[in-house]
Amino acid sequence: MLRGESVRYNSLTIILHWLMALAFFVMLASGVVMEYFDIDKSLKYQLFQWHKGGGVLLLLAFFLRLAMRIFARTPPLPETMKALEKKLAKIGHWGLYVMMLLMPLSGWLMVSSSPYGLPTIVFDMFEWPHFPGVTGNGAVHDGAKLAHLILAIIFAALIAGHIAAVVKHAISDKENLLKRMWWTK
Ligand code: HEM
Ligand code: HEM
């Protein structure tokens, strides 16, 4: 490690990481509730609106996050990590980035091709347009709906692996990676 080189992520990445992590948990939970819970019709409608609006904001936040990943400096992985662990961490992180993009894209494609054609109003702030050229296309709708479900399962599994890796490093390697994603010295 070079002298003066930071061992933590930059502040904007830290803020985005934790806000987005919280939001993704809410998105996964609300998706399951919308799909499998027998709840009041008006609450269900409201939940759909929040889920869609939250998903659109996460899509926009993703591009800021990706820009930070590409243009800002990323602290090198700790020396205590073995070469294989470093490789797995890199694959896992890029897998999470891919899911952060594909999850909202598949949701957007699904609602854009839905036979109901309902608009997506983002928290009463602005209307998000439908994906062009797919209106009322049943095949696209069914494909996107299935993709949204399969991607959600893969995403949840990657998140579980991500958390397990942080816990594993804390317990068996005595390396607290959380410090890299926070402002503590
Ligand atoms: C829920 C969704 C989550 C997503 C999508 C996510 C995504 C990511 C990504 C993509 C990175 C790599 C950053 C980079 O190098 O570009 C990262 C790093 C990290 N995440 Fe998460 N994360 C999530 C939740 C969590 C949770 C709950 C924890 C707590 C255990 C956590 C702890 C960390 C830590 C400590 C790092 C830094 C790893 C290092 O470089 O040492 N993340 N996260
Ligand atoms: C950003 C991350 C997102 C996550 C993690 C997420 C997660 C989920 C999950 C877990 C489900 C239940 C899937 C099932 O059982 O079939 C779901 C359903 C749904 N999602 Fe998302 N979603 C996201 C973004 C979006 C976006 C951006 C939209 C639309 C603009 C959207 C629209 C929907 C709709 C309409 C359903 C219900 C499908 C139906 O009942 O026909 N989602 N979502």
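The values are calculated or read from the model by the stated rules, or taken from the named source; none is laboratory data. A quick note: this is a predicted structure, and the numbers were derived from the prediction, not measured. As a convention, Cβ positions derive from the backbone with ideal geometry for all residues, glycine included, and neighbour counts pool all protein chains shown. What goes into the accessible areas is simple: the full protein's heavy atoms, side chains included, and nothing from ligands, DNA or RNA. Shrake-Rupley method; radii C 1.70, N 1.55, O 1.52, S 1.80 Å.
For THR120, the residues whose modelled amide H falls within less than 5 Å of its own, excluding neighbours fewer than 5 places apart on the same chain, are TRP128.
Pairs of Lys residues in the chain are counted when their Cα atoms are under 28 angstrom apart and they lie 8 or more places apart or on different chains; the count is 25. Within the range 1-105, the trypsin sites (Lys or Arg not before Pro) that combine a DSSP coil assignment with at most 14 other C-beta atoms in a 10 angstrom radius are ARG3, ARG73, LYS82. Over all other residues within a Cβ to Cβ distance under 15 Å of LEU178, the charged ones net out to +4, with Lys and Arg as +1 and Asp and Glu as -1. The 3J(HN,Hα) values that the Karplus relation (6.51, -1.76, 1.60; θ = phi - 60°) gives for the range 32-41 are, in residue order, 5, 4, 4, 7, 10, 9, 8, 10, 3, 4 Hz. Gly and Pro appear as x. In the range 10-130, a dipole from Cβ-located charges (positive for Lys and Arg, negative for Asp and Glu) runs towards its positive end, and of THR74, ILE121, MET34 it is THR74 whose Cα lies farthest in that direction.
Pair-distance distribution of the range 42-185: all C-alpha pairs, bin width 10 Å, starting at 0; shares per bin in whole percent are 10, 31, 29, 18, 10, 1. Computed from backbone phi, the HN-Hα couplings of the range 47-63 come to 4, 4, 4, 5, 4, 5, x, x, x, 5, 5, 5, 5, 5, 5, 4, 5 Hz, rounded to whole numbers (Karplus: 6.51 cos²θ - 1.76 cosθ + 1.60, θ = phi - 60°; Gly and Pro given as x). For the range 1-60 versus the range 91-107, the spacing of their alpha-carbon centroids is 13 Å.
Which of the three applies to the range 104-185, rounded, prolate or oblate, going by the alpha-carbon gyration tensor with a ≥ b ≥ c and a/c under 1.5 meaning rounded? Oblate, since a/c reaches 1.5 and b/c is not below a/b. Place a +1 charge on the Cβ of each Lys and Arg in the chain and a -1 charge on the Cβ of each Asp and Glu, then give the dipole magnitude about the Cα centre in debye, rounded to the nearest 20. For the chain, the charge dipole is close to 880 debye. In order along the range 90-104, the phi-based Karplus estimate (6.51 cos²θ - 1.76 cosθ + 1.60, θ = phi - 60°) of 3J(HN,Hα) comes to 5, 4, x, 5, 5, x, 5, 4, 4, 5, 5, 8, 5, 4, x Hz; Gly and Pro are listed as x. Take the chain with all the other protein chains still there, run a 1.4 Å probe, and you get 63 Å² of accessible area per residue. Ignoring the sites themselves, what is the longest stretch of the chain with no GluC sites (Glu not before Pro) in a DSSP loop and at most 14 other beta-carbon atoms within 10 Å? Here the longest segment lacking exposed loop sites spans 80-185. Taking all protein chains as they are arranged and a probe of 1.4 Å, the heavy atoms of VAL140 leave approximately 40 Å² accessible to solvent. Placing PHE155, PHE48 in order of accessible area, with the largest value first and a 1.4 Å probe, yields PHE48, PHE155.
In deg cm²/dmol and to the nearest 500, what is the mean residue ellipticity at 222 nm of the chain if only DSSP H runs of at least 4 residues count, each as -39500 (n - 2.57), divided by the residue total?
Result for the chain, helices only: -24000 deg cm²/dmol.
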